[in-house]
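Asks: Take a look at this one; I'll ask things after.
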Amino acid sequence: MIEILAKIPLYKMMRATGRPRLLPLNLTVSVTYRCNSRCLTCNVYDRKAEEFTAEEFDRTFASMGRAPYWYTMSGGEPFLRSDLTEICTSAYRHGRPGIINIPTNGLLTERIPSMVEEITTGCPDSQVIVNLSLDEIGERHDEIRGVPGNFDRALATYRALRALGAPNLTVGVHTVISVHNVERIPRIYEYVTKEISPDSYITEIAEERVELETMGAGVTPDAAAYGRAVDFLIERIKAGSYSGISRITQSFRVRYYELVKRYLATGRQVIPCYAGTASAQIAPDGDVWSCCVRAEPLGNLRDVGYDFGKIWFGERAERDRAMVRSGGCACPLANASYTNMLMHVPTVAGVAVEVAARGRGAAERNGGRGEAS
(Lines give C-alpha, C1' and ligand atoms only; values in the text may rest on other atoms or scores of the structure.)
Protein backbone atom coordinates (compact mmCIF):
# COMPACT_ATOMS: atom_id res chain seq x y z
CA MET A 1 0.00 0.00 0.00
CA ILE A 2 2.89 2.40 0.70
CA GLU A 3 4.02 1.84 -2.88
CA ILE A 4 0.54 2.87 -4.10
CA LEU A 5 0.49 6.02 -1.96
CA ALA A 6 3.86 7.00 -3.42
CA LYS A 7 2.36 6.85 -6.92
CA ILE A 8 -0.52 9.23 -6.18
CA PRO A 9 1.44 12.40 -7.10
CA LEU A 10 2.50 10.72 -10.35
CA TYR A 11 -1.10 9.89 -11.31
CA LYS A 12 -2.11 13.45 -10.48
CA MET A 13 0.61 14.71 -12.82
CA MET A 14 -0.47 12.29 -15.54
CA ARG A 15 -4.07 13.47 -15.30
CA ALA A 16 -2.99 17.11 -15.53
CA THR A 17 -0.19 16.93 -18.10
CA GLY A 18 -0.18 13.47 -19.70
CA ARG A 19 3.16 12.64 -18.12
CA PRO A 20 4.50 10.39 -16.71
CA ARG A 21 2.81 7.61 -18.67
CA LEU A 22 1.43 5.14 -16.14
CA LEU A 23 -0.75 2.07 -16.52
CA PRO A 24 -3.89 1.90 -14.30
CA LEU A 25 -3.61 0.69 -10.72
CA ASN A 26 -7.31 -0.31 -10.55
CA LEU A 27 -8.37 -2.73 -13.29
CA THR A 28 -11.81 -4.29 -13.73
CA VAL A 29 -11.79 -7.36 -15.96
CA SER A 30 -15.19 -8.43 -17.22
CA VAL A 31 -14.57 -12.06 -17.99
CA THR A 32 -18.06 -12.68 -19.42
CA TYR A 33 -21.43 -11.07 -20.10
CA ARG A 34 -23.15 -14.39 -19.46
CA CYS A 35 -25.25 -14.50 -16.31
CA ASN A 36 -27.61 -16.96 -14.64
CA SER A 37 -29.54 -14.15 -12.90
CA ARG A 38 -32.23 -11.99 -14.48
CA CYS A 39 -32.01 -8.94 -12.27
CA LEU A 40 -34.45 -6.04 -12.36
CA THR A 41 -31.43 -3.70 -12.24
CA CYS A 42 -29.25 -5.24 -14.96
CA ASN A 43 -29.57 -6.57 -18.52
CA VAL A 44 -25.92 -7.45 -19.09
CA TYR A 45 -26.88 -10.99 -20.12
CA ASP A 46 -28.36 -9.52 -23.32
CA ARG A 47 -24.90 -8.45 -24.50
CA LYS A 48 -22.93 -10.79 -26.74
CA ALA A 49 -19.17 -11.13 -27.05
CA GLU A 50 -16.49 -13.35 -28.53
CA GLU A 51 -14.95 -13.94 -25.13
CA PHE A 52 -11.23 -13.71 -24.50
CA THR A 53 -9.59 -17.05 -23.82
CA ALA A 54 -7.49 -17.53 -20.70
CA GLU A 55 -4.41 -17.32 -22.92
CA GLU A 56 -5.51 -13.95 -24.29
CA PHE A 57 -6.01 -12.63 -20.75
CA ASP A 58 -2.57 -14.01 -19.86
CA ARG A 59 -0.89 -12.11 -22.69
CA THR A 60 -2.71 -8.94 -21.67
CA PHE A 61 -1.74 -9.25 -17.99
CA ALA A 62 1.87 -9.90 -19.02
CA SER A 63 1.88 -6.57 -20.89
CA MET A 64 0.74 -4.73 -17.73
CA GLY A 65 3.27 -6.21 -15.31
CA ARG A 66 3.06 -4.99 -11.72
CA ALA A 67 0.99 -1.86 -12.48
CA PRO A 68 -2.50 -2.96 -11.30
CA TYR A 69 -2.76 -3.21 -7.53
CA TRP A 70 -6.48 -3.97 -7.46
CA TYR A 71 -8.09 -6.45 -9.87
CA THR A 72 -11.87 -6.94 -10.01
CA MET A 73 -12.88 -10.08 -11.93
CA SER A 74 -16.42 -9.22 -12.91
CA GLY A 75 -19.24 -10.27 -15.23
CA GLY A 76 -22.01 -11.19 -15.83
CA GLU A 77 -21.45 -14.00 -13.38
CA PRO A 78 -17.67 -14.59 -13.33
CA PHE A 79 -17.92 -18.12 -11.92
CA LEU A 80 -19.66 -19.24 -15.12
CA ARG A 81 -16.14 -19.24 -16.57
CA SER A 82 -14.73 -22.68 -15.84
CA ASP A 83 -11.25 -21.17 -16.31
CA LEU A 84 -11.72 -18.31 -13.82
CA THR A 85 -9.08 -19.82 -11.54
CA GLU A 86 -6.59 -19.80 -14.43
CA ILE A 87 -7.44 -16.16 -15.22
CA CYS A 88 -6.97 -15.06 -11.60
CA THR A 89 -3.71 -16.93 -11.13
CA SER A 90 -2.43 -15.44 -14.38
CA ALA A 91 -3.08 -11.93 -13.08
CA TYR A 92 -1.30 -12.91 -9.88
CA ARG A 93 1.70 -14.46 -11.62
CA HIS A 94 2.34 -11.37 -13.73
CA GLY A 95 1.30 -8.62 -11.32
CA ARG A 96 1.25 -9.77 -7.70
CA PRO A 97 -1.77 -7.52 -7.02
CA GLY A 98 -2.64 -6.65 -3.45
CA ILE A 99 -6.35 -7.29 -4.04
CA ILE A 100 -8.33 -9.66 -6.27
CA ASN A 101 -12.04 -8.89 -5.90
CA ILE A 102 -14.73 -11.21 -7.30
CA PRO A 103 -18.45 -10.35 -7.10
CA THR A 104 -20.94 -13.21 -7.46
CA ASN A 105 -24.65 -13.96 -7.25
CA GLY A 106 -23.79 -17.14 -5.33
CA LEU A 107 -25.99 -19.42 -7.44
CA LEU A 108 -23.26 -21.94 -8.31
CA THR A 109 -23.00 -23.42 -4.83
CA GLU A 110 -21.27 -26.58 -6.00
CA ARG A 111 -18.63 -24.74 -8.03
CA ILE A 112 -17.80 -21.47 -6.30
CA PRO A 113 -16.22 -22.70 -3.03
CA SER A 114 -13.80 -25.10 -4.74
CA MET A 115 -12.78 -22.47 -7.28
CA VAL A 116 -12.25 -19.87 -4.57
CA GLU A 117 -10.12 -22.32 -2.62
CA GLU A 118 -7.95 -22.82 -5.71
CA ILE A 119 -7.69 -19.05 -6.24
CA THR A 120 -6.67 -18.33 -2.65
CA THR A 121 -4.07 -21.09 -2.83
CA GLY A 122 -2.76 -19.94 -6.19
CA CYS A 123 -2.63 -16.26 -5.18
CA PRO A 124 -1.22 -16.51 -1.63
CA ASP A 125 0.02 -12.94 -1.30
CA SER A 126 -3.17 -11.31 -2.62
CA GLN A 127 -6.21 -10.57 -0.50
CA VAL A 128 -9.01 -12.40 -2.30
CA ILE A 129 -12.36 -10.73 -1.69
CA VAL A 130 -15.55 -12.54 -2.69
CA ASN A 131 -18.67 -10.41 -2.39
CA LEU A 132 -22.02 -12.20 -2.55
CA SER A 133 -24.90 -10.14 -3.83
CA LEU A 134 -27.93 -9.84 -1.54
CA ASP A 135 -30.38 -7.15 -2.57
CA GLU A 136 -33.20 -8.21 -0.26
CA ILE A 137 -34.25 -10.90 2.18
CA GLY A 138 -35.80 -14.25 1.23
CA GLU A 139 -38.29 -14.22 -1.64
CA ARG A 140 -37.91 -10.46 -2.09
CA HIS A 141 -34.31 -11.08 -3.10
CA ASP A 142 -35.39 -13.82 -5.50
CA GLU A 143 -37.86 -11.42 -7.13
CA ILE A 144 -35.23 -8.72 -7.69
CA ARG A 145 -32.70 -11.26 -8.96
CA GLY A 146 -35.24 -13.10 -11.11
CA VAL A 147 -34.32 -16.60 -9.89
CA PRO A 148 -36.47 -18.61 -7.45
CA GLY A 149 -34.37 -19.98 -4.61
CA ASN A 150 -31.49 -17.56 -5.22
CA PHE A 151 -31.47 -16.33 -1.61
CA ASP A 152 -31.14 -19.81 -0.11
CA ARG A 153 -28.47 -20.83 -2.60
CA ALA A 154 -26.48 -17.64 -1.97
CA LEU A 155 -26.54 -18.33 1.77
CA ALA A 156 -25.39 -21.92 1.19
CA THR A 157 -22.51 -20.59 -0.91
CA TYR A 158 -21.67 -18.08 1.80
CA ARG A 159 -21.50 -20.78 4.48
CA ALA A 160 -19.28 -22.95 2.28
CA LEU A 161 -16.92 -20.03 1.63
CA ARG A 162 -16.66 -19.20 5.32
CA ALA A 163 -15.82 -22.82 6.03
CA LEU A 164 -12.73 -22.61 3.81
CA GLY A 165 -10.85 -20.67 6.45
CA ALA A 166 -8.26 -19.37 3.98
CA PRO A 167 -6.12 -16.67 5.66
CA ASN A 168 -6.18 -14.45 2.55
CA LEU A 169 -9.94 -14.71 1.94
CA THR A 170 -12.51 -12.03 2.80
CA VAL A 171 -16.16 -13.02 2.36
CA GLY A 172 -18.46 -10.04 2.10
CA VAL A 173 -22.05 -9.21 1.24
CA HIS A 174 -22.92 -6.58 -1.36
CA THR A 175 -26.25 -4.81 -1.87
CA VAL A 176 -27.23 -2.75 -4.92
CA ILE A 177 -29.46 0.08 -3.68
CA SER A 178 -32.20 0.58 -6.28
CA VAL A 179 -35.79 1.77 -6.56
CA HIS A 180 -36.77 -1.80 -5.64
CA ASN A 181 -35.20 -1.87 -2.15
CA VAL A 182 -34.12 1.64 -1.14
CA GLU A 183 -36.78 2.03 1.54
CA ARG A 184 -35.83 -1.31 3.14
CA ILE A 185 -32.09 -0.76 3.48
CA PRO A 186 -32.23 -0.52 7.31
CA ARG A 187 -34.05 -3.86 7.48
CA ILE A 188 -31.61 -5.47 5.02
CA TYR A 189 -28.62 -4.09 6.91
CA GLU A 190 -29.87 -5.41 10.26
CA TYR A 191 -30.49 -8.85 8.80
CA VAL A 192 -27.12 -9.10 7.06
CA THR A 193 -25.03 -7.83 9.96
CA LYS A 194 -26.85 -9.77 12.68
CA GLU A 195 -27.95 -12.99 10.99
CA ILE A 196 -25.13 -13.47 8.48
CA SER A 197 -22.26 -11.42 9.97
CA PRO A 198 -19.98 -11.23 6.91
CA ASP A 199 -16.42 -9.94 6.98
CA SER A 200 -17.70 -6.79 5.28
CA TYR A 201 -20.97 -5.28 4.13
CA ILE A 202 -20.93 -2.86 1.22
CA THR A 203 -23.53 -1.17 -0.95
CA GLU A 204 -23.49 0.74 -4.20
CA ILE A 205 -26.18 2.62 -6.04
CA ALA A 206 -27.98 1.11 -9.04
CA GLU A 207 -26.88 2.97 -12.15
CA GLU A 208 -27.90 3.42 -15.74
CA ARG A 209 -24.86 2.02 -17.54
CA VAL A 210 -24.22 1.33 -21.20
CA GLU A 211 -22.44 -1.88 -20.13
CA LEU A 212 -25.50 -3.16 -18.30
CA GLU A 213 -27.93 -1.96 -20.99
CA THR A 214 -29.92 -0.08 -18.36
CA MET A 215 -29.91 3.39 -19.93
CA GLY A 216 -33.35 4.87 -19.33
CA ALA A 217 -34.38 1.92 -17.14
CA GLY A 218 -35.20 4.08 -14.12
CA VAL A 219 -33.41 1.84 -11.61
CA THR A 220 -31.62 4.63 -9.72
CA PRO A 221 -33.40 5.83 -6.54
CA ASP A 222 -34.05 9.52 -6.17
CA ALA A 223 -31.73 11.67 -4.08
CA ALA A 224 -34.05 11.92 -1.09
CA ALA A 225 -34.69 8.17 -0.80
CA TYR A 226 -31.03 7.30 -1.33
CA GLY A 227 -30.02 9.92 1.21
CA ARG A 228 -32.26 8.40 3.88
CA ALA A 229 -30.85 4.92 3.18
CA VAL A 230 -27.18 5.86 3.35
CA ASP A 231 -27.64 8.26 6.27
CA PHE A 232 -28.76 5.19 8.19
CA LEU A 233 -25.68 3.27 7.01
CA ILE A 234 -23.38 6.18 7.87
CA GLU A 235 -24.87 6.37 11.36
CA ARG A 236 -24.24 2.65 11.88
CA ILE A 237 -20.67 2.88 10.60
CA LYS A 238 -19.86 5.83 12.84
CA ALA A 239 -21.33 4.02 15.82
CA GLY A 240 -19.24 0.92 15.16
CA SER A 241 -15.90 -0.02 16.65
CA TYR A 242 -13.14 -1.01 14.25
CA SER A 243 -9.48 -1.89 14.40
CA GLY A 244 -6.61 -1.94 11.92
CA ILE A 245 -7.40 -1.63 8.24
CA SER A 246 -11.17 -1.69 8.92
CA ARG A 247 -10.95 1.83 10.32
CA ILE A 248 -9.61 3.04 6.99
CA THR A 249 -12.07 1.14 4.78
CA GLN A 250 -15.08 2.22 6.83
CA SER A 251 -13.98 5.86 6.71
CA PHE A 252 -13.66 5.70 2.92
CA ARG A 253 -17.07 4.01 2.75
CA VAL A 254 -18.72 6.91 4.56
CA ARG A 255 -17.13 9.32 2.11
CA TYR A 256 -18.33 7.28 -0.85
CA TYR A 257 -21.90 7.47 0.42
CA GLU A 258 -21.59 11.23 0.89
CA LEU A 259 -20.06 11.57 -2.57
CA VAL A 260 -22.99 9.75 -4.21
CA LYS A 261 -25.48 11.95 -2.33
CA ARG A 262 -23.75 15.04 -3.72
CA TYR A 263 -23.65 13.57 -7.22
CA LEU A 264 -27.40 12.86 -7.15
CA ALA A 265 -28.00 16.45 -6.07
CA THR A 266 -25.77 18.07 -8.70
CA GLY A 267 -25.28 15.61 -11.57
CA ARG A 268 -21.64 16.70 -11.78
CA GLN A 269 -18.23 15.30 -10.85
CA VAL A 270 -17.94 15.91 -7.12
CA ILE A 271 -14.19 15.27 -6.98
CA PRO A 272 -11.81 14.85 -9.94
CA CYS A 273 -12.34 11.59 -11.82
CA TYR A 274 -9.37 9.38 -12.69
CA ALA A 275 -11.19 6.97 -15.01
CA GLY A 276 -8.88 6.54 -17.96
CA THR A 277 -5.89 7.51 -15.83
CA ALA A 278 -5.76 5.37 -12.67
CA SER A 279 -8.70 3.04 -13.36
CA ALA A 280 -9.85 1.10 -16.42
CA GLN A 281 -11.92 -1.85 -17.57
CA ILE A 282 -11.41 -4.66 -20.05
CA ALA A 283 -14.58 -6.03 -21.68
CA PRO A 284 -15.03 -9.77 -22.33
CA ASP A 285 -14.10 -9.33 -26.00
CA GLY A 286 -10.93 -7.33 -25.30
CA ASP A 287 -12.29 -3.81 -25.70
CA VAL A 288 -10.62 -1.38 -23.28
CA TRP A 289 -12.83 1.21 -21.60
CA SER A 290 -11.97 4.03 -19.23
CA CYS A 291 -15.18 3.08 -17.39
CA CYS A 292 -18.21 0.86 -17.85
CA VAL A 293 -20.85 3.58 -17.49
CA ARG A 294 -20.12 4.97 -20.95
CA ALA A 295 -18.41 1.77 -22.20
CA GLU A 296 -16.78 3.60 -25.10
CA PRO A 297 -13.96 1.47 -26.60
CA LEU A 298 -10.52 3.05 -26.61
CA GLY A 299 -9.34 0.14 -28.74
CA ASN A 300 -9.35 -3.65 -28.81
CA LEU A 301 -6.50 -5.71 -27.41
CA ARG A 302 -6.71 -8.25 -30.23
CA ASP A 303 -5.80 -5.49 -32.68
CA VAL A 304 -2.58 -4.55 -30.86
CA GLY A 305 -1.12 -7.94 -30.01
CA TYR A 306 -2.56 -7.79 -26.46
CA ASP A 307 -0.29 -4.87 -25.55
CA PHE A 308 -2.43 -2.83 -23.15
CA GLY A 309 -0.07 0.14 -23.27
CA LYS A 310 -0.57 0.63 -27.03
CA ILE A 311 -4.23 1.39 -26.35
CA TRP A 312 -3.74 3.18 -23.02
CA PHE A 313 -1.28 5.67 -24.48
CA GLY A 314 -3.03 6.01 -27.84
CA GLU A 315 -4.86 9.01 -29.30
CA ARG A 316 -8.36 7.81 -28.42
CA ALA A 317 -7.35 7.30 -24.79
CA GLU A 318 -5.78 10.77 -24.65
CA ARG A 319 -8.99 12.34 -26.02
CA ASP A 320 -11.04 10.38 -23.50
CA ARG A 321 -8.84 11.55 -20.61
CA ALA A 322 -9.24 15.15 -21.76
CA MET A 323 -13.02 14.77 -21.79
CA VAL A 324 -13.07 13.26 -18.30
CA ARG A 325 -10.67 15.93 -17.02
CA SER A 326 -12.94 18.69 -18.35
CA GLY A 327 -15.92 17.29 -16.42
CA GLY A 328 -17.65 16.09 -19.56
CA CYS A 329 -19.07 13.08 -17.73
CA ALA A 330 -20.12 12.23 -14.20
CA CYS A 331 -21.30 9.12 -12.40
CA PRO A 332 -21.28 7.40 -8.98
CA LEU A 333 -19.49 4.23 -10.17
CA ALA A 334 -18.17 2.66 -6.96
CA ASN A 335 -14.98 1.09 -8.31
CA ALA A 336 -13.82 4.33 -9.93
CA SER A 337 -15.02 6.44 -6.99
CA TYR A 338 -12.78 4.67 -4.48
CA THR A 339 -9.79 5.27 -6.76
CA ASN A 340 -10.83 8.90 -7.18
CA MET A 341 -10.99 9.35 -3.40
CA LEU A 342 -7.54 7.83 -3.02
CA MET A 343 -6.23 10.46 -5.47
CA HIS A 344 -8.05 13.32 -3.72
CA VAL A 345 -5.81 14.90 -1.07
CA PRO A 346 -8.64 16.44 1.05
CA THR A 347 -10.39 13.05 1.20
CA VAL A 348 -7.24 11.17 2.17
CA ALA A 349 -6.37 13.80 4.77
CA GLY A 350 -9.87 13.63 6.24
CA VAL A 351 -9.67 9.83 6.46
CA ALA A 352 -6.27 10.06 8.17
CA VAL A 353 -7.56 12.52 10.77
CA GLU A 354 -10.69 10.46 11.44
CA VAL A 355 -8.79 7.17 11.72
CA ALA A 356 -6.31 8.72 14.15
CA ALA A 357 -9.13 10.16 16.25
CA ARG A 358 -10.98 6.84 16.37
CA GLY A 359 -7.75 5.12 17.36
CA ARG A 360 -7.21 7.50 20.26
CA GLY A 361 -10.82 7.10 21.33
CA ALA A 362 -10.55 3.31 21.26
CA ALA A 363 -7.40 3.41 23.36
CA GLU A 364 -9.03 5.70 25.91
CA ARG A 365 -12.12 3.49 26.17
CA ASN A 366 -9.89 0.49 26.77
CA GLY A 367 -7.79 2.26 29.36
CA GLY A 368 -4.76 2.18 27.09
CA ARG A 369 -4.90 -1.64 26.91
CA GLY A 370 -5.37 -1.86 23.15
CA GLU A 371 -7.71 -1.27 20.25
CA ALA A 372 -11.38 -2.01 20.00
CA SER A 373 -12.23 -5.08 18.02
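The values are calculated or read from the model by the stated rules, or taken from the named source; none is laboratory data. Note that the structure is predicted; figures quoted are calculated from it, not measured. A quick note on method: Cβ atoms are made from the backbone with ideal geometry, for glycine too, and the neighbour counts reach across all protein chains shown. In case anyone asks, the SASA skips ligands and DNA or RNA and just uses the protein heavy atoms, side chains included. Shrake-Rupley method; radii C 1.70, N 1.55, O 1.52, S 1.80 Å.
Asks: Which whole number in µm²/s is D for the range 43-120 by Stokes-Einstein, with the Kirkwood Rh taken over Cα pairs at 37 °C and 0.692 mPa s? Provide the component values of the computation, followed by the final result.
Replies: On the way: Rh = 13.2 Å.
D, rounded to a whole number, is 248 µm²/s.
Asks: Of all DSSP beta bridges located in the chain, what percent are antiparallel, nearest 5? Intermediate results must be reported in sequence, preceding the final value.
Replies: On the way: 4 of 35 bridges.
In the chain, approximately 10 percent of DSSP beta bridges are antiparallel ones.
Asks: Run the lone-cysteine check on the chain: no other Cys C-beta under 4.7 Å from the residue's C-beta.
Replies: Isolated Cys, the chain: C35, C88, C123, C273, C291, C292, C329, C331.
Asks: For the range 178-248, what is the convex hull volume of its Cα atoms per residue in Å³?
Replies: Values: hull volume 8.5 nm³, N = 71.
Per-residue hull volume (Cα only) is 119 Å³.
Asks: Sticking with this structure for a sec: Restricting the count to DSSP beta bridges whose residues both fall in the range 173-331, what percent are antiparallel, rounded to a multiple of 5?
Replies: Numbers: 4 of 10 bridges.
Bridges in the range 173-331 are about 40 percent antiparallel.
Asks: Turning to a different aspect of this structure: Can you list the DSSP H helices in the chain whose Cα atoms extend at least 27 Å along the helix axis and whose mean Kyte-Doolittle hydropathy is -1.0 or higher?
Replies: On the way: long enough: 245-266 (32 Å, -0.28); 345-365 (30 Å, 0.37).
Flagged H segments are 245-266, 345-365.
Asks: Taking loop as defined by DSSP and a crowding limit of 13 other beta carbons within 10 Å, which trypsin sites (Lys or Arg not before Pro) in the range 12-121 fit?
Replies: Numbers: sites: K12, R15, R21, R34, R38, R47, K48, R59, R66, R81, R93, R111; in loops: R21, R34, R38, R47, K48, R66, R81, R111.
Sparse-neighbourhood loop trypsin sites (Lys or Arg not before Pro): R21, R38, K48, R66.
Asks: Please give the solvent-accessible surface of T85 in Å², to the nearest 10, using a probe radius of 1.4 Å with every protein chain present.
Replies: Accessible area of T85: about 20 Å².
Asks: Shifting gears a bit: Average the reciprocal distances over every distinct pair of alpha-carbons in the range 192-326, invert the result, and give the Kirkwood radius in Å.
Replies: Values: mean 1/r = 0.0574 Å⁻¹.
In the range 192-326 this quantity evaluates to 17.4 Å.
Asks: Using only C-alpha atoms and all pairs of different ones, pull out the Kirkwood radius for the range 1-101 in Å with one decimal. If you can, show how the numbers build up before the last one.
Replies: Details: mean 1/r = 0.0666 Å⁻¹.
Its Kirkwood hydrodynamic radius stands at 15.0 Å.
Asks: Same structure again: Considering only DSSP states other than H, G, I, E and B, which trypsin sites (Lys or Arg not before Pro) in the range 239-334 qualify as loop sites with at most 12 other Cβ atoms within 10 Å? Don't skip to the answer; put the middle values down first.
Replies: Details: sites: R247, R253, R255, K261, R262, R268, R294, R302, K310, R316, R319, R321, R325; in loops: R268, R294.
Sites meeting the loop and neighbour criteria: R268.
Asks: Taking 0.36 nm per residue of sequence separation and subtracting the Cα-Cα distance, how much length would be gained by fully extending the chain between A356 and E183, in nm to one decimal? Don't skip to the end; give the middle numbers.
Replies: Working: separation 173, 0.36 × 173 = 62.28 nm, distance 3.36 nm.
That pair, A356 and E183, stretches by 58.9 nm at full extension.
Asks: Right, another one. As a test of the formula, what do you get for the chain when each DSSP H run with n ≥ 4 contributes -39,500 (n - 2.57) and the sum is divided by the residue count, at 222 nm and rounded to the nearest 500 deg cm²/dmol? Show your work: numbers first, answer last.
Replies: Numbers: 13 runs with 163 residues, N = 373.
Helices in the chain give a 222 nm mean residue ellipticity of -13500 deg cm²/dmol.
Asks: With an 8 Å cut-off on Cα pairs and a minimum separation of 6 or more residues, tell me the relative contact order of the chain in percent.
Replies: Values: 658 pairs, mean separation 66.9, N = 373.
Reported as a whole number, the value is 18 percent.
Asks: Here's another thing I want to ask about it. Would you grab the residues whose amide H sits under 5 Å from the one on I129? Only those 5+ places off in sequence or on another chain, please, with H modelled 1.01 Å from N.
Replies: I100, N101, I102, T170
Asks: Let me check against my output: what whole-number percent is the relative contact order of the range 116-206, with C-alpha pairs under 8 Å and at least 6 apart?
Replies: Across the range 116-206, relative contact order equals 33 percent.
Asks: Roll a 1.4 Å probe over the protein heavy atoms and report the accessible area of H174 in Å², nearest 10.
Replies: So the heavy atoms of H174 present about 30 Å² to solvent.
Asks: Follow-up. Hey, what's the chain come to in accessible area per residue, 1.4 Å probe, Å²?
Replies: Per-residue accessible area for the chain comes out at 42 Å².
Asks: Of K7/K194; K48/K261; K48/K194; K12/K194; K7/K310, which sit over 31 Å apart, Cα to Cα? It would help to have the intermediate numbers written out before the result.
Replies: Working: K7/K194 39 Å; K48/K261 33 Å; K48/K194 40 Å; K12/K194 41 Å; K7/K310 21 Å.
From the list (K7/K194; K48/K261; K48/K194; K12/K194; K7/K310), the Cα-Cα distance tops 31 Å for K7/K194; K48/K261; K48/K194; K12/K194.
Asks: Let me ask another. Could you calculate, for the chain, the ratio of the Cα radius of gyration to the Kirkwood radius, expressed as Rg to Rh?
Replies: 0.94
Asks: Then there's this: Quick one: ranking M13, M341 by accessible area, 1.4 Å probe, largest first, what do you get? Please report the intermediate quantities before stating the final value.
Replies: Numbers: M13 100, M341 0 Å².
The most accessible residue leads, giving M13, M341.
Asks: Tell me, what is the FRET efficiency for E3 and I137 to the nearest 0.05, using R0 = 41 angstrom and their Cβ-Cβ distance as r? Numbers along the way, then the final one.
Replies: Working: r = 41 Å, r/R0 = 1.00.
Plugging the Cβ-Cβ distance into 1/(1 + (r/R0)^6) gives 0.50.
Asks: How high is the relative contact order of the range 249-297, in percent, counting Cα pairs under 8 Å that sit 6 or more residues apart? Can you show the working numbers first?
Replies: Working: 30 pairs, mean separation 9.6, N = 49.
Once divided by the residue count of the range 249-297, the mean separation gives 20 percent.
Asks: Which distance in Å, rounded to a whole number, links the C-alpha centroids of the range 201-243 and the range 32-83?
Replies: 24
Asks: Quick check on the range 39-168: take the gyration tensor over C-alpha atoms, sort the square-rooted eigenvalues as a ≥ b ≥ c, and tell me if it's rounded (a/c under 1.5), prolate or oblate.
Replies: Details: a/c = 2.32, a/b = 1.47, b/c = 1.58.
In terms of gyration-tensor shape, oblate.
Asks: Could you please report the charge total around S251, scoring K, R as +1 and D, E as -1 over all other residues with beta-carbon less than 10 angstrom from its beta-carbon?
Replies: Values: positive: K238, R247, R253, R255, R358; negative: E354.
Its environment carries a net charge of +4.
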